[in-house]
1. Would you check if residue 258 is outside the structural domain of residue 63 (by TED's automatic domain parsing) and either surrounded by 17 or more Cβ atoms within 10 Å (Cβ to Cβ) or closer than 21 Å to residue 145 by Cβ (or both)?
2. Are any residues in the range 193-202 surrounded by fewer than 20 Cβ atoms within 10 Å (Cβ to Cβ), in a helix (DSSP H, G or I) and not aliphatic (A, V, I, L, M), and if so, which ones?
3. Can residue 209 be described as outside the structural domain of residue 65 (by TED's automatic domain parsing) and closer than 25 Å to residue 142 by Cα?
4. Looking at the range 203-229, which of the residues that are under 16 Å from residue 171 (Cα atoms) and at pLDDT 90 or above is surrounded by the most Cβ atoms within 10 Å (Cβ to Cβ)?
5. What are the residues in the range 134-162 that are at pLDDT below 95 and over 23 Å from residue 223 (Cβ atoms), if any?
6. Does residue 87 qualify as being free of Cβ contacts under 8 Å to residues at least 60 places away in the same chain, crowded, with 16+ Cβ neighbours inside 10 Å, in contact with a Ser or Thr (Cβ under 6 Å, 6 or more places away or on another chain) and outside the structural domain of residue 216 (by TED's automatic domain parsing)?
7. When you check residue 264 against the structure, is it surrounded by 20 or more Cβ atoms within 10 Å (Cβ to Cβ) and either of a type outside the set (Phe, Trp, Tyr) or within 15 Å of residue 126 (Cα to Cα) (or both), yes or no?
8. Working carefully through the options 43, 38, find the one that is modelled with pLDDT under 90 and surrounded by fewer than 18 Cβ atoms within 10 Å (Cβ to Cβ).
Amino acid sequence: MKKIRIIAALAAAAMAMTFAGCGGASEPSAPEDTAAPASESAAAGTDESLNKVKESGRLILGLDATFEPMGYTNEKDEIVGFDIDVAAEVCARMGVELVKEPIDWDTKEQDLAVGRIDCIWNGMSINPSRAEQMNLSDPYMKNAMVFVVPASSEVASMGELNGKNIAVQNGSSAQEILEASELCTSDTPVTVTAMATNVEALQQLELGLVDAVFLDSVVANYQITSAGKDYKVLPDGLEEEEYAIGFRKEDQALRDEVQRILCEMKADGKLGEISTAWFGSDITTVAAAQ
């Protein structure tokens, strides 16, 4: 399997992307075959994405509803989470209703492209493929990709995973990173078991059907500290990432308004308040509005 240097790819993608930060809007980046129409549309002021959301009175947020603590279904069959609380506040300030729409994470880009949802907001990591297909917000939280094993496991480091069976969420950046890593190209490569959700991957771990799970540190640490799961996180992982919100390429006005409100929430303390309620402190990386 061809080795991919993820950090370099992310850096290149970040340089290629033009984001609108808290200081104002910028034109969206786009694939070569759509760059001219999108640019012309923005220049002509014909981007109606924000107006459409306001006229409909609702913002449809796509999520897989299993990504605890970012966005998941609780025991009362309610969709809750850090991202949900932040999105609800953003919608309140926009004057629209938040609609939470569960989707298949493996086909999230298609759901966004066909208009089933207005954005993807569910602890979505930035990677080159997503930067190419979507108009991403500024990063709002840092994340590391880590390995989780049972607390009783004799495995103490990533180097001891060779030949082991590792579960990941299908269609996730964790799957891409793991399959591109040296763990899959060594003389004793790992077996990658793709599951529909992180919840199912962790269930496989509890049942002893896999040796480890590769997933977001935010999820792993929440499961250990808040859900009381008997796991341990290995001290070495593969990559660090950042979370962002994904919009359609042409929906620059909607993207910029959500970004503006997030910056406003950072400045007035509301974003930190929500983060503290979920994580014990403000771990968000949004720049405060000036």
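1. no
2. 200
3. Judged against the criteria, residue 209 is not a match.
4. Ranking the qualifying residues of the range 203-229, first place goes to 214.
5. 159, 162
6. no
7. no
8. 43
The values are calculated or read from the model by the stated rules, or taken from the named source; none is laboratory data. The model shown is predicted, which means the values in this text are computed figures rather than measured ones. With ideal geometry, Cβ positions are generated from the backbone for all residues, glycine too; neighbour counts draw on all protein chains shown.
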